[in-house]
Amino acid sequence: MALLKGIVSLIVLILIVLSVLFVDFVYKTFSLAPRDVKADAIVVLTGGRGRVEEGVRLYRAGQGKKLFLIGVDPSVKKRELYKGEGAGNVYLEQSSRNTLENAIYARDLIMKYEVKSIKLITSRYHMKRSTILFRNALPKDVAIYPHPVDSSNLKEEWWSHSGSFKLLFSEFYKYCILRFFFMFAPGELRPSQLKIYN
């Protein structure tokens with residue numbers, strides 16, 4: 001009987017801790033605000049509505065010297081996403097297919113062009129997971145400025161909107177796995193500082 005009570009108490013404690021961590025995750029997700037700061041490059045994780053448009057807007061406003069569009073469909077041409085002045089500093093990465101690959105392929109561009117600061121653009125719900133991946137993929141001296149984009153599938157009243165709750169909980173779950181992984185393997189995605197790009 002005492003063993004059963006102990007197991008139930010442990011389960012309840014775990015659920016309470018998870019609930020607190022989830023609410024903290026949600027609070028930080030919604031409270032994250034873009035910073036009005038210029039960067040060497042604007043990095044857009046494509047795939048969500050409004051991301052590319054926001055990246056182009058910031059680039060044209062002079063918020064970044066280069067514009068990296070990451071995870072673009074191979075059939076899409078640059079002129080379909082960007083036209084006009086400054087097109088020479090707009091780069092499309094068309095090999096990555098998920099957030100982990102986004103971070104790795106973007107890292108290669110960032111290091112190739114010796115970028116020291118980036119504005120990272122993705123959907124608000126996706127930002128915390130993207131940031132932890134980029135932080136562990138990029139050299140430590142590269143500054144990351146998160147720039148979340150709001151989307152219609154995420155409601156601030158998430159507790160009463162099943163789609164928003166599922167979306168946030170899915171991101172929370174994936175984020176926790178990454179946090180756990182990087183506790184034991186910090187900087188595992190970070191390339192050797194001896195690697196030379198031609």
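Take the range 11-41 and flag every residue that is loosely packed, with under 14 Cβ neighbours inside 10 Å, within 15 Å of the chain's Cα centre (by Cα) and under 30 Å from residue 90 (Cα atoms).
Correct list: 33 only.
Evaluate the following for residue 49: is it under 23 Å from residue 110 (Cα atoms), basic (Lys, Arg) and touching a residue at least 12 places away in the same chain (Cβ under 8 Å)?
Values: under 23 Å from residue 110 (Cα atoms): no; basic (Lys, Arg): yes; touching a residue at least 12 places away in the same chain (Cβ under 8 Å): yes.
When the stated conditions are applied, residue 49 does not pass them.
Looking at the range 62-101 only, could you name the residues that are in contact with an Asp or Glu (Cβ under 9 Å, 6 or more places away or on another chain) and among the aliphatic types (A, V, I, L, M)?
Our first condition is that a residue be in contact with an Asp or Glu (Cβ under 9 Å, 6 or more places away or on another chain); within the range 62-101, this holds for 63-66, 68-72, 93-95.
Listed by number, the residues that qualify are 69, 70, 72.
Here are some residues: 81, 69, 58, 138. Which one is more than 19 Å from residue 187 (Cβ to Cβ), in contact (Cβ under 8 Å) with a residue 40 or more places away in the chain and of a type in the set (A, V, I, L, M)? Break it down into steps so the answer makes sense when it comes.
Values: 81 fails: in contact (Cβ under 8 Å) with a residue 40 or more places away in the chain; 69 fails: in contact (Cβ under 8 Å) with a residue 40 or more places away in the chain; 138 fails: more than 19 Å from residue 187 (Cβ to Cβ).
Checking each option against the conditions leaves just 58.
What's the total number of residues in the range 13-44 that are β-branched (Val, Ile, Thr), over 19 Å from residue 125 (Cβ atoms) and outside any strand (DSSP E or B)?
The initial filter retains those residues of the range 13-44 that are β-branched (Val, Ile, Thr), namely 14, 16-17, 20, 23, 26, 29, 37, 42-44.
Filter once more, so that each one left must be over 19 Å from residue 125 (Cβ atoms): 14, 16-17, 20, 37, 42.
With the extra rule that they be outside any strand (DSSP E or B), the set shrinks to 14, 16-17, 20, 37.
Within the range 13-44, residues that are β-branched (Val, Ile, Thr), over 19 Å from residue 125 (Cβ atoms) and outside any strand (DSSP E or B) number 5.
Please determine, by comparing only the residues of the range 73-94 that are among the hydrophobic types (A, V, I, L, M, F, W, C) and closer than 15 Å to residue 45 by Cβ, which one is nearest to the chain's Cα centre (by Cα). Quick ask: steps written out before the conclusion?
Here is the first cut: in the range 73-94, the residues among the hydrophobic types (A, V, I, L, M, F, W, C) are 76, 81, 87, 90, 92.
Of the ones still in play, those that are also closer than 15 Å to residue 45 by Cβ are 76, 81, 92.
Numbers: 76: 22, 81: 20, 92: 17 Å.
The extreme case among them is 92.
What is the number of the single condition among (1) at positive phi; (2) in a strand (DSSP E or B) that residue 47 does not meet?
That leaves (2) as the condition not met.
Examine the range 4-20 for a residue that is over 19 Å from residue 106 (Cβ atoms) and in contact (Cβ under 8 Å) with a residue 24 or more places away in the chain, and state whether such a residue exists.
No - not one qualifying residue is present in the range 4-20.
What is the number of the single condition among (1) at pLDDT 95 or above; (2) surrounded by fewer than 21 Cβ atoms within 10 Å (Cβ to Cβ) that residue 44 does not meet?
(2)
Give the range 149-171 a look and list any residue that's of a type outside the set (S, T, N, Q) and not in a helix (DSSP H, G or I), or say none.
Once the filter is applied, which keeps residues that are of a type outside the set (S, T, N, Q) and not in a helix (DSSP H, G or I), the range 149-171 yields 149, 150, 154, 155, 156, 157, 161.
The values are calculated or read from the model by the stated rules, or taken from the named source; none is laboratory data. The structure presented is a predicted model; accordingly, all values stated were derived computationally and were not measured. Cβ: placed from backbone, ideal geometry, glycine included. Neighbour counts: every protein chain shown.
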